[in-house]
Structures are given as structure tokens and as C-alpha cells.
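First comes the structure, then the notes that go with it.
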Amino acid sequence: MSVRHTDTTNLIQLASLARAQGIKELTVLMPYALEYRQMDAISHQARAQLEYSNENREWVRFTFTQDAETCQH
């Protein structure tokens, strides 16, 4: 991950690495909220379903799908 890249790019890269390692689900604690457009881009580019919470802590949960057409959030 790089401070020179956007949060979106970093999370897409992290999701790609997790998928390559055979990880089916990944939860990332965030220091702040993501915007809807960021979550949409991440979901589509990472081919993952996203769950998001900002109740007590900001987190994003990736659930990796087999097919890019099944992405939802």
C-alpha cells in the first residue's frame, strides 16, 4: 500500500492480493468513511461484494465473488 495512491487504489490492490492468496472474506478497519463512489469503484474493480459500517468504527468487509457480474453492495 502506498501513500502516493488513493484509498480506492490501495483497497483494490489489497483485495487483489487477498483473492490471490485464496482469502474468501476480508475486513478492513478504516480511520474514516469512504464515499459511495469509492465503494462502487472498489466493488466493481475488486469483483467483491462490500459491506460497510460506520456505527462505532468504520470498516469495509470484502466478500470475494467468482464472477464480476455478481457484484453488489
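The values are calculated or read from the model by the stated rules, or taken from the named source; none is laboratory data. In this text, all values refer to a predicted model and were calculated from it rather than measured experimentally. Backbone-built Cβ (ideal geometry, glycine too); neighbour counts: all protein chains shown. Each accessible area value is taken on the protein alone, full model and side chains, heavy atoms only, with ligands, DNA and RNA left out. Shrake-Rupley method; radii C 1.70, N 1.55, O 1.52, S 1.80 Å.
Odds and ends about this structure:
- For the chain: accessible area per residue (Å², 1.4 Å): 69 Å²
- The string of couplings for segment 35-48 from the Karplus curve (6.51, -1.76, 1.60, θ = phi - 60°) is 7, 4, 5, 5, 5, 4, 4, 5, 4, 6, 6, 8, 6, 9 Hz, one whole number per residue in order, with x for Gly and Pro.
- Note on the chain: Kirkwood radius taken over Cα pairs, Stokes-Einstein applied at 10 °C and 1.306 mPa s, translational D equal to 130 µm² s⁻¹.
- Förster-model FRET efficiency, 22 Å R0, T27 and M1, C-beta, rounded to 0.05: 0.90
- When shorter helices are ignored and each DSSP H run of at least 4 residues is given -39500 (n - 2.57), the per-residue value for the chain at 222 nm works out to -10500 deg cm²/dmol.
- Here segment 1-62 has 48 percent of its accessible surface on carbon and sulfur atoms, given a 1.4 Å probe and all protein chains in place.
- For the chain, built as a Gaussian network whose Cα springs stay under 10 Å, the top-fluctuating residue of E51, E25, E35: E35
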